[in-house]
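Working notes, beginning with the structure itself.
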Amino acid sequence: MKIAIGSDHGGFALKEVILTLLQELDHDVEDVGCFGHDSVDYPGFADLVCEKISQGAADKGILICGTGIGMSMAANKHKGIRAALCCDQYTARMSREHNDANVLCIGERVTGPGVAEEIVRTWLSTPFVGGRHQRRIELFS
Ligand code: RB5
């Protein structure tokens with residue numbers, strides 16, 4: 001799967017952990033930054049990841065900031081983007097099964113690296129169930 005990943009400084013360390021996992025899982029990953037702990041503004045990185053998806057250059061995106069909240073707000077401004085802030089495996093699974101989320105948001109200051117890895121594994125391997133849920137996502141698209 002082609003995956004675009006981005007973070008701000010608040011999510012940089014967790015991005016490195018998730019990048020390693022994605023490479024181990026053999027995904028085709030594009031890291032749009034940031035590339036260090038210096039303070040940056042998260043919306044620009046949300047835009048870069050969402051544009052990759054809109055252009056067809058990525059199938060899915062992962063965005064990480066301190067809480068995951070700012071990234072999810074910024075990503076959901078983009079047409080066609082369904083970004084889900086997930087804090088456990090249940091929300092990760094449901095965001096795929098019922099909401100067909102195409103961007104996963106995680107908060108580094110909220111979610112430890114072990115749980116974050118399980119969230120990513122679950123989110124990437126869970127299919128959308130469609131049916132009545134397709135109608136519902138079309139209602140807000
Ligand atoms: C940065 O300090 C922090 O505000 C950001 O990473 C994020 O949590 C915003 O929602």
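Structure above, values below:
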{"quantity": "Positions within region 49-78 being surrounded by fewer than 21 Cβ atoms within 10 Å (Cβ to Cβ), more than 8 Å from the ligand (Cβ to nearest atom) and not in a loop (DSSP other than H, G, I, E, B), in sequence order", "calculated": "Glu51, Ser54, Lys60"}
{"quantity": "Verdict on Leu104 being within 16 Å of the ligand (Cβ to nearest atom) and in contact (Cβ under 8 Å) with a residue 24 or more places away in the chain", "calculated": "yes"}
{"quantity": "Close pairs from region 40-67: first among the basic types (Lys, Arg), partner part of a helix (DSSP H, G or I), Cβ under 8 Å, at least 6 apart", "calculated": "Lys60/Ile53; Lys60/Leu124"}
{"quantity": "Verdict on Arg93 being closer than 24 Å to Val40 by Cα, modelled with pLDDT of 95 or more and either among the basic types (Lys, Arg) or under 11 Å from the mean Cα position of the chain (by Cα) (or both)", "calculated": "no"}
{"quantity": "Considering residues of region 18-42 that are β-branched (Val, Ile, Thr) and surrounded by 16 or more Cβ atoms within 10 Å (Cβ to Cβ) only, the residue nearest to the ligand (Cβ to nearest atom)", "calculated": "Val40"}
{"quantity": "Condition check for Ala84: within 22 Å of Gln134 (Cβ to Cβ), open to solvent by less than 50 Å² (accessible area, probe 1.4 Å), more than 16 Å from the ligand (Cβ to nearest atom) and among the hydrophobic types (A, V, I, L, M, F, W, C)", "calculated": "no"}
{"quantity": "Lone qualifier among Ile106, Ile81 - being assigned to a strand (DSSP E or B) and of a type outside the set (Phe, Trp, Tyr)", "calculated": "Ile106"}
{"quantity": "Search result, residues across region 66-90 that are over 17 Å from Ser125 (Cα atoms), of a type in the set (Gly, Ala, Ser) and within 11 Å of the chain's Cα centre (by Cα)", "calculated": "Gly68, Ser72, Ala75"}
{"quantity": "Inter-residue pairs, beta-carbon under 7 Å, first within 17 Å of Leu63 (Cβ to Cβ) and touching a residue at least 12 places away in the same chain (Cβ under 8 Å) and in region 15-33, second in a loop (DSSP other than H, G, I, E, B) and open to solvent by 70 Å² or more (accessible area, probe 1.4 Å), 6+ apart", "calculated": "His27/Met1"}
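The values are calculated or read from the model by the stated rules, or taken from the named source; none is laboratory data. Being a predicted model, the structure only gives us computed values, none of them experimental. Glycine also receives a Cβ, built like all others from the backbone with ideal geometry; neighbour counts cover every protein chain displayed. Please note that ligands, DNA and RNA were not included when accessible areas were found on the heavy atoms of the full protein model with its side chains. Shrake-Rupley method; radii C 1.70, N 1.55, O 1.52, S 1.80 Å.
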